[in-house]
Every structure is written in C-alpha cells, then in structure tokens.
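Data first, discussion second: the structure below is written as structure tokens.
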Amino acid sequence: MRQEELIGWLRRVEKLALVEVGKDEEEHIIKDMRKIIEFFNTLMEVNVEGVEPLFMTPRKEPLTREDVPVKGMEQSEALLNAKEVINGFVKGPKTI
Amino acid sequence: MDREVLTLSGLRAKLAENPRFLYEYIEFIYDVIDAIEGKVKAFITLRGKDDVLREADRVVDKLIEGRAGRLAGALLAVKDNIVTKGLRTTCASKILSDFIPPYNATVVERILREDAIIIGKTNMDEFAMGSTTENSAFFPTRNPWDLSRVPGGSSGGSAAAVSALEATAALGTDTGGSVRAPAAFTATVGLKPTYGLVSRYGLIAYASSMDQVGPIGRTVTDVSIILDVISGRDVKDATSAHSRGGYCEAAVEPFKVLHPKLRVAVIEELVVEGVEKPVKHSFLRTLRKLESNGIEVVWLSMPISRYSLPAYYIIAMAEASSNLARYDGIRYGFHESVEGRSWYEVYTNVRTRGFGKEVKRRILLGSFVLSAGYYDEYYLRASKVRKIVRDSLLAILREHDAVISPTMPVLPPKLGERIADPLKLYAIDINTVLANLAGVPAISIPSDIVNDLPVAVQLIGNEFDEVSLVALARVVEGIINLAPLVPPLVRRYV
C-alpha cells in the first residue's frame with residue numbers, strides 16, 4: 001500500500017471506530033499498520049476456493065430457553081456506574 | 001508450609017481432617033503476598049485479609065458440618081475481565097478503571113457456590129490483548145521465576161499468582177493462548193476448554209467466537225477440579241453447551257478412560273519453524289520420555305497451520321473492534337461531560353484517551369478488515385482459512401489421541417523485548433491460536449526447566465472430550481514428573 005493510501009484509510013477507520021491517532025503517534029502507527037497488513041496479506045497464498053467461511057464452531061444444542069419471564073437487574077443497579085443520571089435516565093450527548 | 005497443601009487436592013484432604021487449618025492457610029497466603037507481591041504485582045485488586053478471614057468463618061462452619069462445596073478452602077484469583085459483583089473489574093484498562101459490576105459472571109457464581117473464596121482480581125493485558133501482560137494500563141506483572149522477565153499473557157497476573165503461591169488456583173481467559181502462554185512461562189498448568197464448554201456470561205468480550213474462561217493451577221488434577229465446577233450449560237450464554245463432567249475423576253484415574261495404546265501427533269510446522277533451540281531440544285527430550293513410556297509419537301505435516309496466525313489476528317481484531325464499540329463512557333467507565341458537545345466528539349475523546357496503544361491498534365485494524373472493499377479480502381478469507389484449519393485439525397484428532405507441541409516457541413522473554421514490535425509479539429502465539437480457531441480444547445503442562453526458566457508442552461484434544469484430554473495430560477504429567485513446581489522466589493516458604 002502506498003503511503004497516501006495508508007493515511008487515507010487511517011482517517012477512514014478512525015471515523016468508523018471513533019478512535020483517533022494523535023499527530024505525534026501517526027507515523028509510528030502507520031509503520032506498524034503497514035507491517036501488520038503485509039502479514040495479513042500472506043493469506044492470499046491460500047487456495048480458499050469452494051471453502052465455506054467458519055464464523056463460529058457449530059453448536060449442537062438449541063440456542064433458546066423456555067419463554068418464561070425471569071427477574072432482571074434492578075434499575076438502580078444497572079445505573080450504578082453511570083456518571084450522569086437524571087430521573088433514571090442516562091444522559092448522553094446530542095445526536096442531532 | 002507443607003508441600004502437600006500447595007495443591008487444591010492436597011488442601012481439600014487436609015481440611016477434611018482439620019477444617020480450622022483454613023485460618024492457618026489464609027495467614028500463610030497473606031504472608032507470602034506481603035513478602036513478594038510488591039515485586040511480582042500479580043493483582044490489580046487484592047481483598048483485605050480481614051474480609052477473607054470473615055468469609056472463611058462460614059466455610060469452616062460448612063466444613064465442620066460436612067456440607068462444604070468442592071472448592072471449600074480454595075483462595076482463587078480471578079482475572080480482571082471476569083465480572084465480580086461489588087468488586088472492581090477493570091480489564092486492566094483506564095476506560096474501566098472505576099467500574100464496579102452489579103452482577104457476577106456465571107463462572108464466579110459457580111465457584112462461589114462451591115465455597116471458593118475470591119482473593120483478588122488479577123492483572124492482564126488490556127482487554128486481553130497481548131501475550132506478556134505488558135499491555136496493562138496500570139503496570140506489568142513480573143515472572144516469579146525471573147522478575148526481569150514476563151509471566152506471559154494475557155492472563156499473566158493469574159498465572160503469576162498461582163506460581164508464586166499467592167493463590168490456590170486461578171481463573172484466566174484464553175482467546176489466542178492467554179491461559180496457556182502464561183501457564184507455560186510460569187510452570188503452572190493452564191487449560192482452554194472447548195469453545196462453549198464454559199459460559200461466557202460475565203466475561204468481558206474480546207473475540208466472542210473464541211473467548212473461553214480457563215482454569216490455571218499447579219497440577220492437572222487441580223485444573224480438572226475447577227473445570228468440573230465451572231463447565232456446563234448456562235441459559236444466559238446461548239453459545240454454551242452441556243458438559244460431560246467427570247474431569248477430576250479422569251485426572252485421578254486416567255486409565256479408566258484411556259485405552260492402553262496411546263498415540264500423539266506432532267505437527268512439524270509447530271516445531272521446525274521459529275522455535276528457539278533450547279525449547280526445541282527440551283521438547284524432543286520430552287517426546288523421548290513419552291516414547292520410552294509406551295506412547296507412540298507420530299510426526300506429520302499440516303501446511304495450513306502456517307496461516308493460522310494471520311487468520312487468528314484478522315478475526316480477533318475484527319471481533320474486538322465490534323465488541324469494544326460499547327465503550328463510550330455514557331453508561332459506565334471513563335467519562336467526559338456531555339454538556340454542549342456532539343456525540344462524535346465525546347465518544348472519540350473518551351475512547352482515544354481511555355484505550356491503550358495496542359487496544360487502539362487492534363480496533364483500527366479490526367475496523368479496517370471489516371470495512372467495505374476489504375471485508376472479502378481479509379475477514380471473509382480469514383474465516384475460510386479458519387474452516388480449513390478446523391477441518392485439518394479434527395482430521396488429525398480422529399486418528400490420534402492428541403496433538404502435542406511446545407506451548408510457546410520461546411523461553412519467557414525479558415520485559416520490553418517483544419513489546420516494541422507488534423509482529424514480534426504476535427509471533428509467540430503461533431502454537432496456541434490453532435485450538436482457538438478450531439474451537440477445540442488444549443492444555444499446557446510444565447515439561448522442563450531450562451536455564452532456570454519454565455518450558456511447557458501443549459496437548460490439543462478433540463472437541464468436548466476434555467475427559468480424554470485431562471486423562472492424557474495427567475499421564476504425561478506423571479511421566480515428566482516435575483509438578484508441582486515452586487519458583488526460587490518463594491521456595492523458603494515451603
């Protein structure tokens with residue numbers, strides 16, 4: 001990958017991941033990323049024709065339980081770690 | 001302190017005769033902690049002795065009344081990515097440094113139900129991302145065998161605590177080798193169960209299709225006692241499965257479950273390439289010991305194993321980027337005031353400041369391999385390679401009782417040696433990621449001390465057949481005849 005391409009995709013994934021790389025770290029991160037992507041690229045050597053992807057090892061058991069309501073967590077417990085709470089609501093930033 | 005009570009099984013036997021010995025045992029553990037924890041730094045959160053002694057009263061009563069659980073007397077260390085109600089759980093990250101879970105993980109409920117006492121939460125690589133415990137946001141843990149070296153990771157704190165006699169045994173987690181690597185580097189036993197055997201409810205997720213909680217102990221038998229307790233179906237984890245049980249029995253009487261003509265396979269790619277000479281020679285010596293004890297050793301090739309490492313990292317990073325998307329400081333964790341700011345600014349700031357370097361790197365790369373235009377080339381392709389790895393490994397396991405390999409390709413590195421270059425760090429997972437990709441169980445057993453440092457072998461077994469794996473591991477442990485090992489740092493206490 002060319003340098004401009006790498007910087008381009010870094011900016012793009014920063015937006016996707018909501019994680020930013022500081023200007024002072026940028027060069028170092030790009031160098032690491034380049035090496036890691038080259039390492040990933042070795043998979044191109046494998047012939048995967050006709051192979052189905054495996055996302056999770058097959059389960060033999062049913063994934064559901066009986067449809068019987070059970071007691072959940074108390075609201076106060078669930079909100080214990082939230083820093084800004086108003087009337088049982090968690091306060092978040094503007095989305096619009 | 002008597003050597004016999006260093007193991008969980010020995011401790012249980014002693015407490016059956018004399019329940020009040022538990023108080024003496026607790027004093028001993030805390031004496032050791034006072035002496036060496038400042039150097040080893042295995043714990044992020046350590047419970048006070050008084051708290052533990054108070055809890056012990058209840059356990060002693062139950063022991064006297066003969067109704068104590070299977071883990072009564074055990075002081076267990078729990079890795080800090082497993083939630084414990086009311087006890088701070090941080091994943092060794094700034095972003096959760098003040099998180100107090102309002103609930104227990106299922107594995108915690110199960111160990112508490114059997115009267116274990118949790119002594120503390122152990123240090124780890126941040127969000128389980130690492131193989132040396134140097135990626136903790138707080139401090140690195142040191143190897144009790146050589147304080148200038150790493151204990152392995154990401155369950156380094158758990159393994160160090162067990163190795164240094166600061167706990168009876170521990171719970172760790174393993175996504176790419178994170179129970180087996182630190183077990184190997186600290187001369188303890190670590191087991192990664194079949195994916196699904198142990199509930200992940202309450203395990204803070206890293207890579208959901210591979211994460212598993214696994215026990216770390218001083219012997220195969222100890223590890224199997226814990227496995228019996230924590231394994232089995234949990235309705236709160238849809239990926240969990242029924243457990244056959246009987247792991248402890250299998251360890252105690254292995255030949256009741258094993259047939260006499262044992263045959264193990266060595267995958268040459270896991271020995272021939274990238275394994276340091278002292279480790280390789282030690283491994284070959286171990287193989288000879290097995291052969292002279294009637295175990296057939298077969299060498300074969302599994303070419304796809306060379307690609308398991310990049311496939312693992314692509315998949316793990318992709319899943320991590322998704323699992324870590326929840327950390328925005330709003331419902332829990334590292335917080336920034338939201339007043340008058342956009343969500344983009346708040347979330348980005350919290351995450352950029354709250355996550356460590358390696359975590360950020362994996363989130364960014366994970367997002368990359370899942371992004372449009374790259375998904376097919378990377379994530380989809382890696383998932384196909386994963387299928388080939390699983391099929392190849394299962395085919396070998398149909399014809400052999402287990403695969404055997406060095407657990408780690410190197411001796412425990414010095415602090416700082418591997419951390420500067422990510423590829424150098426990732427490289428040491430080469431032998432362990434196979435089992436995670438395929439979903440099969442694997443166990444690391446100490447096999448040698450070389451240059452005063454621990455070396456271990458790994459056995460990989462068939463899925464949901466931990467009974468045979470544990471039995472075989474016990475046999476191998478018996479042939480090697482080293483366990484339980486005590487590092488020089490704490491030898492004076494036994």
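The values are calculated or read from the model by the stated rules, or taken from the named source; none is laboratory data. Since the structure is predicted, the reported quantities are computational estimates derived from the model, not experimental observations. Quick reminder, even Gly has a Cβ in these numbers, built from the backbone with ideal geometry, and neighbours come from all protein chains shown. For the accessible areas, the whole protein counts, side chains as well, though only heavy atoms, and no ligand, DNA or RNA atoms are used. Shrake-Rupley method; radii C 1.70, N 1.55, O 1.52, S 1.80 Å.
Could you please give the count of residues in region B:178-201 that are at positive phi and either open to solvent by 10 Å² or more (accessible area, probe 1.4 Å) or touching a Lys or Arg at 6+ places or on another chain (Cβ under 8 Å) (or both)?
The initial filter retains those residues of region B:178-201 that are at positive phi, namely B:187, B:196.
Then drop every residue that is not either open to solvent by 10 Å² or more (accessible area, probe 1.4 Å) or touching a Lys or Arg at 6+ places or on another chain (Cβ under 8 Å) (or both), which leaves B:196.
Residues in region B:178-201 being at positive phi and either open to solvent by 10 Å² or more (accessible area, probe 1.4 Å) or touching a Lys or Arg at 6+ places or on another chain (Cβ under 8 Å) (or both): 1 in total.
Have a look at B:Ser322, B:Ser337, B:Ser383, B:Ser367 and point out the one that is small (Gly, Ala, Ser), more than 7 Å from every other protein chain (Cβ to nearest Cβ) and assigned to a helix (DSSP H, G or I).
On the way: B:Ser337 fails: assigned to a helix (DSSP H, G or I); B:Ser383 fails: more than 7 Å from every other protein chain (Cβ to nearest Cβ); B:Ser367 fails: more than 7 Å from every other protein chain (Cβ to nearest Cβ).
After applying the criteria, what remains is B:Ser322.
Of the residues B:Asp51, B:Asp34, B:Asp61, only one is under 17 Å from B:Ile111 (Cβ atoms), free of Cβ contacts under 8 Å to residues at least 40 places away in the same chain and not polar (S, T, N, Q); which? Explain how you work it out, then say what you get.
Numbers: B:Asp34 fails: under 17 Å from B:Ile111 (Cβ atoms); B:Asp61 fails: under 17 Å from B:Ile111 (Cβ atoms).
Exactly one residue qualifies, and that residue is B:Asp51.
Going through B:Arg386, B:Arg381, B:Arg474, B:Arg390 one at a time, which residue ends up being at pLDDT 95 or above, open to solvent by 30 Å² or more (accessible area, probe 1.4 Å) and under 30 Å from A:Thr42 (Cα atoms)?
Values: B:Arg386 fails: open to solvent by 30 Å² or more (accessible area, probe 1.4 Å); B:Arg474 fails: under 30 Å from A:Thr42 (Cα atoms); B:Arg390 fails: open to solvent by 30 Å² or more (accessible area, probe 1.4 Å).
Just a single option satisfies the conditions, and that option is B:Arg381.
Looking at region B:97-131 only, could you name the residues that are farther than 25 Å from B:Leu11 by Cβ, polar (S, T, N, Q) and under 17 Å from the mean Cα position of the chain (by Cα)? Explain how you work it out, then say what you get.
Step one: of region B:97-131, the residues farther than 25 Å from B:Leu11 by Cβ are B:97-103, B:124-131.
Adding the requirement that they be polar (S, T, N, Q) leaves B:97, B:131.
Selection gives B:Ser131 alone.
Somewhere in region B:444-457, is a residue in contact with a helix residue (DSSP H, G or I) (Cβ under 8 Å, 6 or more places away or on another chain), more than 18 Å from B:Trp145 (Cβ to Cβ) and at pLDDT 95 or above?
no
Quick test for you: out of B:Arg331, B:Arg351, pick the one residue that is without any contact (Cβ under 8 Å) to a residue 60 or more places away in the chain and either more than 7 Å from chain A (Cβ to nearest Cβ) or farther than 30 Å from B:Val403 by Cα (or both). Give the steps one after another, and end with the answer.
Working: B:Arg351 fails: without any contact (Cβ under 8 Å) to a residue 60 or more places away in the chain.
Exactly one residue qualifies, and that residue is B:Arg331.
Looking at B:Lys49, is it within 14 Å of chain A (Cβ to nearest Cβ) and touching a helix residue (DSSP H, G or I) at 6+ places or on another chain (Cβ under 9 Å)?
Details: within 14 Å of chain A (Cβ to nearest Cβ): no; touching a helix residue (DSSP H, G or I) at 6+ places or on another chain (Cβ under 9 Å): yes.
Considered against the rule, which asks whether it is within 14 Å of chain A (Cβ to nearest Cβ) and touching a helix residue (DSSP H, G or I) at 6+ places or on another chain (Cβ under 9 Å), B:Lys49 comes out as no.
Using the structure shown, decide if B:Ser405 is open to solvent by less than 10 Å² (accessible area, probe 1.4 Å), more than 10 Å from chain A (Cβ to nearest Cβ) and under 24 Å from B:Thr219 (Cβ atoms).
On the way: open to solvent by less than 10 Å² (accessible area, probe 1.4 Å): yes; more than 10 Å from chain A (Cβ to nearest Cβ): yes; under 24 Å from B:Thr219 (Cβ atoms): yes.
When the stated conditions are applied, B:Ser405 passes them.
Going by the structure shown, is B:Val440 within 24 Å of A:Val51 (Cα to Cα), within 10 Å of chain A (Cβ to nearest Cβ) and within 20 Å of the chain's Cα centre (by Cα)? Before you say what the answer is, go through the steps one by one.
Values: within 24 Å of A:Val51 (Cα to Cα): yes; within 10 Å of chain A (Cβ to nearest Cβ): yes; within 20 Å of the chain's Cα centre (by Cα): yes.
It is true that B:Val440 is within 24 Å of A:Val51 (Cα to Cα), within 10 Å of chain A (Cβ to nearest Cβ) and within 20 Å of the chain's Cα centre (by Cα).
Among the residues of region B:420-437, write down those that are within 14 Å of chain A (Cβ to nearest Cβ) and either surrounded by fewer than 20 Cβ atoms within 10 Å (Cβ to Cβ) or touching a strand residue (DSSP E or B) at 6+ places or on another chain (Cβ under 9 Å) (or both).
B:Ala420, B:Asp421, B:Leu423, B:Lys424, B:Ala427, B:Leu434, B:Ala435, B:Asn436
Looking for whichever is in contact with a Lys or Arg (Cβ under 8 Å, 6 or more places away or on another chain) and among the charged types (D, E, K, R) here; the options are B:Glu291, B:Glu249, B:Glu253. Which one fits? Please lay out each step first, then the result.
Working: B:Glu291 fails: in contact with a Lys or Arg (Cβ under 8 Å, 6 or more places away or on another chain); B:Glu253 fails: in contact with a Lys or Arg (Cβ under 8 Å, 6 or more places away or on another chain).
Exactly one of B:Glu291, B:Glu249, B:Glu253 is in contact with a Lys or Arg (Cβ under 8 Å, 6 or more places away or on another chain) and among the charged types (D, E, K, R), namely B:Glu249.
Here are the criteria: (1) more than 9 Å from chain B (Cβ to nearest Cβ); (2) at pLDDT below 95. Tell me which single one A:Thr57 does not satisfy.
Answer for A:Thr57: the failing condition is (1).
Regarding A:Gly88, is this residue more than 8 Å from chain B (Cβ to nearest Cβ) and at pLDDT 95 or above? Before the answer, list the steps.
On the way: more than 8 Å from chain B (Cβ to nearest Cβ): yes; at pLDDT 95 or above: no.
So A:Gly88 fails the test.
Being within 14 Å of another protein chain (Cβ to nearest Cβ) and open to solvent by 10 Å² or more (accessible area, probe 1.4 Å) narrows it down to one of B:Ser97, B:Ser93, B:Ser136, B:Ser148, so name that one. Even if it seems obvious, please write down each step before you answer.
Working: B:Ser93 fails: open to solvent by 10 Å² or more (accessible area, probe 1.4 Å); B:Ser136 fails: within 14 Å of another protein chain (Cβ to nearest Cβ); B:Ser148 fails: within 14 Å of another protein chain (Cβ to nearest Cβ).
From the options B:Ser97, B:Ser93, B:Ser136, B:Ser148, the qualifying one is B:Ser97.
Only one residue in B:Arg331, B:Arg263 is surrounded by 14 or more Cβ atoms within 10 Å (Cβ to Cβ) and in contact with a strand residue (DSSP E or B) (Cβ under 7 Å, 6 or more places away or on another chain), so which one is that? Can you show your working first?
On the way: B:Arg263 fails: surrounded by 14 or more Cβ atoms within 10 Å (Cβ to Cβ).
After ruling out the rest, the residue left standing is B:Arg331.
I'd like to know if region B:80-88 contains one or more residues that are modelled with pLDDT of 95 or more, buried (at least 18 other Cβ atoms within 10 Å of the Cβ) and either touching a Pro at 6+ places or on another chain (Cβ under 9 Å) or closer than 28 Å to B:Asp452 by Cβ (or both).
Residues of region B:80-88 modelled with pLDDT of 95 or more: B:80-88.
In the following step, the residues that additionally are buried (at least 18 other Cβ atoms within 10 Å of the Cβ) were identified as B:80-84.
With the extra rule that they be either touching a Pro at 6+ places or on another chain (Cβ under 9 Å) or closer than 28 Å to B:Asp452 by Cβ (or both), the set shrinks to B:83-84.
Yes.
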